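Before any comments, here is the structure.
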Amino acid sequence: MNCIIAQSGGPTSVINSSVYGLVKANKEFKIYDNVFAGLNGIEGILNKKIINLSDMDNEKLETFRNSPSSGLGSCRYKLKDYKDDSKEYENLFEILNSLNIKAFFYVGGNDSMDTISKLSSFAKENNIDITFIGIPKTIDNDLMYTDHTPGFGSASKFIATSTLETYLDSKVYTENGIFIIETMGRDTGWLAASGALATVNGQPCADLVYLPEVAFSVSKFLNDTRKLFEKNNHVYIVASEGLRDENKNFITSVKAQGHDNFGHSQLGGVGQYLKELIIQSGITKRVKALELGVSQRCSMHCASSIDLDEAVMVGFDALKYSKDKTSSGFMVAIKRESNNPYKSSSFLVEANKVANNVKYFPKEWINEEGNNITEEGLNYLRPLIDLDHELNNENNLPIYHSFVI
């Protein structure tokens with residue numbers, strides 16, 4: 001009997017580590033004869049784009065583990081409700097049965113857990129002997145029930161490091177201006193909050209940190225910025241791409257680029273929007289805005305070693321959990337055992353509880369002014385941005401591997 005794994009949704013720096021963990025676990029426990037992989041997620045499996053990972057040598061496997069982005073390719077393919085149309089389900093299970101697949105693993109976020117839930121339900125209703133398990137990943141850290149998601153720690157480390165370095169760059173002149181850094185995060189502020197980790201000489205770099213969990217007020221923003229600029233002749237701002245006004249509308253929704261198959265708006269432009277607000281208000285014309293963009297999710301050179309290890313753990317444990325048929329329809333989640341020393345373990349949670357839900361940054365971790373992070377929030381973040389790991393390199397650049405290039 002065999003198993004298959006695929007990746008879905010947005011990439012992360014450590015998503016391939018979960019595939020590595022699963023393959024490594026099967027080499028150790030020999031539960032399945034072959035570990036197949038679907039290229040470009042479930043869409044690729046439906047198109048029979050499938051490879052065998054079992055024959056991968058250890059050197060290539062290690063290189064793959066330390067490669068950023070989705071090395072198996074990704075997709076944003078939304079399965080219909082099988083009660084309305086079961087044709088694609090029937091096609092998928094025909095392909096899986098032809099390969100003697102007994103376990104299906106999907107590495108992804110909210111939408112991927114929706115897929116795991118649907119496939120598991122269809123299999124149970126039709127007495128199909130295949131176990132479906134979700135493996136979490138998303139830099140947004142917005143999955144319910146898990147303490148955090150693989151991919152977030154490395155993105156958090158990159159944002160904190162970028163905040164630190166650009167803060168220093170923004171302070172070199174006698175007449176300094178205002179610097180704005182824009183992070184990803186969509187509906188949640190986990191990534192933007194990471195900017196508050198950056199410090200110099202024990203002092204925070206970010207003066208103002210804005211998260212979607214607090215309604216954005218233009219007047220309050222300009223008032224806070226003006227006061228700080230008049231006092232310090234410099235202001236450093238971290239803002240999430242998903243900032244919303246009091247009516248819960250994205251403040252840059254008019255600049256959205258459309259929607260994906262799951263109905264998500266394509267966000268961006270908050271930094272430039274805030275820059276224009278500051279200039280038009282007359283505070284100063286010396287304003288710079290930096291949108292970090294996809295660097296947040298593919299900067300393996302700035303990855304957290306804890307993030308890498310936990311990404312391996314959830315993949316490794318997913319294979320072990322699959323021995324128990326009752327694990328079908330579940331996602332592997334992370335439990336934080338302790339902060340100092342940091343320790344974590346995995347457990348299972350129903351995928352349908354994770355799917356289509358959002359874990360928001362706790363409001364009690366946001367200061368009373370709604371423009372920065374409390375010490376409790378920083379204590380949650382700090383252990384996740386562990387020391388860098390070493391990469392194999394060639395000509396002083398990292399060596400990476402992908403199956404879709």
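The values are calculated or read from the model by the stated rules, or taken from the named source; none is laboratory data. For clarity, every value in this text was computed on a predicted model and none was experimentally measured. No Cβ is skipped: glycine too gets one built from the backbone with ideal geometry, and neighbour counts run over all protein chains shown. Surface areas here come from the heavy atoms of the whole protein model, side chains and all, with no ligands, DNA or RNA. Shrake-Rupley method; radii C 1.70, N 1.55, O 1.52, S 1.80 Å.
Take the stretch 192-205 and flag every residue that is assigned to a loop (DSSP other than H, G, I, E, B), open to solvent by 10 Å² or more (accessible area, probe 1.4 Å) and at pLDDT 95 or above.
In the first step, residues of the stretch 192-205 are kept if they are assigned to a loop (DSSP other than H, G, I, E, B); the result is 198, 201-202, 205.
With the extra rule that they be open to solvent by 10 Å² or more (accessible area, probe 1.4 Å), the set shrinks to 201-202.
Result: no residue meets the conditions.
A quick yes/no check of all residues on (1) under 16 Å from A311 (Cα atoms); (2) in a helix (DSSP H, G or I); (3) touching a Ser or Thr at 6+ places or on another chain (Cβ under 6 Å):
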residue: T12; (1), (2), (3): yes, no, no
residue: Y20; (1), (2), (3): yes, yes, no
residue: I31; (1), (2), (3): no, no, no
residue: V35; (1), (2), (3): no, no, yes
residue: T63; (1), (2), (3): yes, yes, no
residue: L92; (1), (2), (3): no, yes, no
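Among the numbered conditions (1) more than 22 Å from the chain's Cα centre (by Cα); (2) part of a loop (DSSP other than H, G, I, E, B), the only one that T188 does not meet is (1). Taken over the stretch 121-151, the residue count meeting the criterion of being outside any strand (DSSP E or B), touching a Pro at 6+ places or on another chain (Cβ under 7 Å) and of a type outside the set (V, I, T) is 3. Would you check which residues across the stretch 24-40 are β-branched (V, I, T) and over 15 Å from M56 (Cβ atoms) and list them? Scanning the stretch 24-40 gives a single hit, I31. When the stretch 212-229 is filtered for residues that are open to solvent by 30 Å² or more (accessible area, probe 1.4 Å) and of a type in the set (S, T, N, Q), the ones remaining, listed by number, are S217, S219, N223. Scanning the stretch 138-168 for residues that are surrounded by fewer than 24 Cβ atoms within 10 Å (Cβ to Cβ) and at positive phi turns up just one, Y145. Selection over the stretch 348-367 of residues that are in a helix (DSSP H, G or I) and among the β-branched types (V, I, T) gives a count of 1.
Flag not set for L39, criterion: of a type in the set (A, V, I, L, M), open to solvent by 10 Å² or more (accessible area, probe 1.4 Å) and under 17 Å from F122 (Cβ atoms).
If you check Y77, Y82, which single one turns out to be closer than 15 Å to T115 by Cα, part of a loop (DSSP other than H, G, I, E, B), aromatic (F, W, Y) and in contact with an Asp or Glu (Cβ under 7 Å, 6 or more places away or on another chain)?
Just a single option satisfies the conditions, and that option is Y77.
K171 satisfies every condition listed in (1) farther than 22 Å from T326 by Cβ; (2) touching a strand residue (DSSP E or B) at 6+ places or on another chain (Cβ under 6 Å); (3) open to solvent by 10 Å² or more (accessible area, probe 1.4 Å) except (2).
Right, G329: at positive phi and at pLDDT below 95 or not? It would help to see each step written out before you state the result.
Details: at positive phi: yes; at pLDDT below 95: no.
Considered against the rule, which asks whether it is at positive phi and at pLDDT below 95, G329 comes out as no.
Restricting attention to the stretch 206-233, the residues that are in a helix (DSSP H, G or I) and more than 23 Å from W190 (Cβ to Cβ) total 12. If you filter the stretch 293-347 down to residues that are assigned to a helix (DSSP H, G or I) and of a type in the set (V, I, T), you find that the one that is surrounded by the fewest Cβ atoms within 10 Å (Cβ to Cβ) is T326. When G189, G271, G258 are checked against the criterion of being modelled with pLDDT of 95 or more, more than 25 Å from E375 (Cα to Cα) and open to solvent by less than 40 Å² (accessible area, probe 1.4 Å), a single residue qualifies: G271. Beta carbons closer than 7 Å, at least 6 apart along the sequence or on distinct chains, pair a first residue in the stretch 234-249 that is within 24 Å of I139 (Cβ to Cβ) with a second that is of a type in the set (V, I, T) and open to solvent by 10 Å² or more (accessible area, probe 1.4 Å) for L243/I251; R244/I251.
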